[in-house]
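K.L.:
Handing you a structure now.
The values are calculated or read from the model by the stated rules, or taken from the named source; none is laboratory data. The model shown is predicted, which means the values in this text are computed figures rather than measured ones. With ideal geometry, Cβ positions are generated from the backbone for all residues, glycine too; neighbour counts draw on all protein chains shown.
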Amino acid sequence: MKKNLLEFNAYLFDLDGTLIDTEPLHHHAWMLTLENHGFKLDWDFDTYLSHALLSRPHLFKQIFLACPGLEHQFSDPELLRQKKIGVFEQLLMERPPSWMPGALEMLDWLNKHHKAMAIVTNSPRRHVAGYTHLNFGQFFQHIITIDEFKHPKPDPAGYNLALKQMGHSATEALVFEDSLKGVQSGIHAGANVVLIATEHYKKVAKVDPLQFSVSSFKELLPLN
């Protein structure tokens, strides 16, 4: 993969946890939201990721199992998620996210080689619009948010839309993701996928051992 990295024509990136370091804020937002409703979630960050990066239904199920009685207050888990989003947006104002290790260097490198790049995220556009300090416009011709596609990852809708807008086929594309649901989304779209994740996550999420993966973008960058 390192030798062939520049052979693709389209490069598509997940946002949260792949390009920018927002997952700790999501974790903290869930903890605070549950505390606000009288529950305590005793999950460390790795445990949170092991559930959150699988699928939204799986995360809801595990939260309800960890917090007996919560489901009586929120029979519709989407209502609870909306409460969490409000807390998350407050945390974003207090702690704007930074780039993940090696992410900015990877974007600079691809940009210097005049590669087409896009963001495909399950996050809403209002969140992405708030990251003005990261200056996405210098790298990305297209930013596809959940506002533009109906079905979130692991459905391939977001990647399908991005490829259509970019004018490239899936076989020309390389997707970067940090979660199993994201990997599945890229694969279902027909693209090549790089998973950026820890060994712990890959084990817990039962990621296919044949799936190409690295621990950070730094492993993909040229040495000079």
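K.L.:
Within the range 100-137, how many residues are touching a residue at least 12 places away in the same chain (Cβ under 8 Å) and part of a loop (DSSP other than H, G, I, E, B)?
P.N.:
Final tally of qualifying residues: 11.
The rows are residues; the columns are (1) in contact with a strand residue (DSSP E or B) (Cβ under 7 Å, 6 or more places away or on another chain); (2) more than 20 Å from L59 (Cα to Cα).
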{"site": "A170", "(1), (2)": "no, yes"}
{"site": "E177", "(1), (2)": "yes, no"}
{"site": "T198", "(1), (2)": "no, no"}
{"site": "K202", "(1), (2)": "yes, no"}
{"site": "V207", "(1), (2)": "yes, no"}
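K.L.:
Let me ask something else about it. From the list F74, F149, F139, which one is more than 23 Å from P57 (Cβ to Cβ) and aromatic (F, W, Y)?
P.N.:
F139
K.L.:
Between A29, A10, which is surrounded by 16 or more Cβ atoms within 10 Å (Cβ to Cβ), at pLDDT 95 or above, more than 30 Å from S169 (Cα to Cα) and not charged (D, E, K, R)?
P.N.:
Within the list A29, A10, the selection yields A29.
K.L.:
Are any residues in the range 15-46 part of a loop (DSSP other than H, G, I, E, B) and over 20 Å from H200 (Cα atoms), and if so, which ones?
P.N.:
L15, H37, G38, F39, K40, L41
K.L.:
For the subset of the range 186-205 comprising residues that are touching a residue at least 40 places away in the same chain (Cβ under 8 Å) and assigned to a helix (DSSP H, G or I), which member is surrounded by the fewest Cβ atoms within 10 Å (Cβ to Cβ)?
P.N.:
Looking at the filtered set, the residue picked out is H200.
K.L.:
A follow-up question, please. Select from the range 135-158 the residues that are closer than 20 Å to M106 by Cα and in contact with a strand residue (DSSP E or B) (Cβ under 7 Å, 6 or more places away or on another chain) and list them in ascending order.
P.N.:
F136, F139, F140, Q141, H142, I143, I144 - these are the residues of the range 135-158 that are closer than 20 Å to M106 by Cα and in contact with a strand residue (DSSP E or B) (Cβ under 7 Å, 6 or more places away or on another chain).
K.L.:
If E89 satisfies every condition in (1) surrounded by fewer than 17 Cβ atoms within 10 Å (Cβ to Cβ); (2) under 16 Å from the mean Cα position of the chain (by Cα) but one, which is the exception?
P.N.:
Single failed check for E89: (2).
K.L.:
Just checking, how many residues over the range 162-185 are without any contact (Cβ under 8 Å) to a residue 24 or more places away in the chain and closer than 25 Å to A129 by Cα?
P.N.:
Selection size over the range 162-185: 2.
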